[in-house]
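See structure below.
The values are calculated or read from the model by the stated rules, or taken from the named source; none is laboratory data. Keep in mind it's a predicted model, so treat the numbers as computed, not measured. Counting neighbours? That spans all protein chains shown, and the Cβs are built from the backbone with ideal geometry, glycine included.
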Ligand SMILES: Nc1ncnc2c1ncn2[C@@H]1O[C@H](COP(=O)(O)OP(=O)(O)O)[C@@H](O)[C@H]1O
Ligand SMILES: [Mg+2]
């Protein structure tokens, strides 16, 4: 039996009076890549923000490794190994690459050895970041900024890494590289929850996926099942 690491049960999340999530239930098992796809405004980012503690669900429960995390502040959720790489990357433009990475480890001040190992791991994964370690974050290309945002997430020593639209705005060859990195991280043992508008790429790398529509789950299945699903092909893969 696969071990479920993350269980999201019937969460409802609001922005003021607006109900953005209308009962979302998803689970992620140990070692999986799970993707959430869906149109702009479907509730993908809100789901990740609710899991990471940036937003609290009005009702519903989120459990990580057997512990209820819904209602906890972000740093507590991060400490437990749930790490969110937000949409739009949000790197610190005036800080160097190395300083940006150090920010990702802000909760690990009692573990300098582990932080150093994580930094080496990030530089192994992204040699370009090592070459640019003293360069200001804001001067990096879009692809390099995505590497930096992902690397900063790695610095928190994630068990579950949640990536929000990592391929957004990047050239196809860079997108390929980002997806290869996601698979590599997963092979190294990190469980991945991936939000993407690039449904074709996401479903190719994912073990399972969920299709979100206006705050609810419209469809779920294995990556392969969703890739061949007629509704998914028409709506999200641009086929007629
Ligand atoms: N800060 C906010 N204030 C009010 N409404 C928001 C806010 N952020 C998102 N929403 C609304 O919540 C819904 C889901 O948005 P979001 O989770 O960002 O979708 P997605 O990531 O799938 O594009 C949308 O209707 C969006 O307009
Ligand atoms: Mg979004």
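For (1) touching a residue at least 60 places away in the same chain (Cβ under 8 Å); (2) within 13 Å of ligand 1 (Cβ to nearest atom), each residue gets a yes or a no:
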site: 21; (1), (2): yes, yes
site: 39; (1), (2): yes, yes
site: 45; (1), (2): yes, yes
site: 50; (1), (2): no, yes
site: 61; (1), (2): no, no
site: 64; (1), (2): yes, no
site: 86; (1), (2): yes, yes
site: 113; (1), (2): no, no
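One residue is enough: does the range 33-49 have a residue meeting the conditions within 16 Å of ligand 2 (Cβ to nearest atom) and farther than 26 Å from residue 234 by Cα?
yes
Assuming residue 70 fulfils every condition listed in (1) surrounded by fewer than 19 Cβ atoms within 10 Å (Cβ to Cβ); (2) assigned to a loop (DSSP other than H, G, I, E, B); (3) away from ligand 1 (no atom under 15 Å from the Cβ) apart from one, which condition is it?
(1)
Name the residue, out of 65, 101, 21, that is surrounded by 15 or more Cβ atoms within 10 Å (Cβ to Cβ) and either at pLDDT below 95 or out of contact with any strand residue (DSSP E or B) (no Cβ under 9 Å at 6 or more places or on another chain) (or both).
Working: 65 fails: either at pLDDT below 95 or out of contact with any strand residue (DSSP E or B) (no Cβ under 9 Å at 6 or more places or on another chain) (or both); 21 fails: either at pLDDT below 95 or out of contact with any strand residue (DSSP E or B) (no Cβ under 9 Å at 6 or more places or on another chain) (or both).
Every option except 101 fails the conditions.
Taking the stated definitions as given, is residue 55 over 12 Å from the mean Cα position of the chain (by Cα), within 12 Å of ligand 1 (Cβ to nearest atom), closer than 21 Å to residue 197 by Cβ and touching a residue at least 12 places away in the same chain (Cβ under 8 Å)?
Yes; evaluated as a whole, the condition is true for this residue.
Exactly one of these conditions fails for residue 28: (1) within 21 Å of residue 152 (Cα to Cα); (2) under 14 Å from the mean Cα position of the chain (by Cα); (3) more than 16 Å from ligand 2 (Cβ to nearest atom). Give me its number.
Every listed condition holds for residue 28 apart from (1).
With the requirement that a residue be in a loop (DSSP other than H, G, I, E, B) and more than 21 Å from the chain's Cα centre (by Cα), what does the range 94-122 give you?
Hits for the range 94-122 are 94, 95, 109, 110, 111.
From the list 35, 96, which one is outside the structural domain of residue 166 (by TED's automatic domain parsing) and under 22 Å from residue 151 (Cβ atoms)?
Working: 35 fails: outside the structural domain of residue 166 (by TED's automatic domain parsing).
Step by step, each of 35, 96 is checked, and only 96 is outside the structural domain of residue 166 (by TED's automatic domain parsing) and under 22 Å from residue 151 (Cβ atoms).
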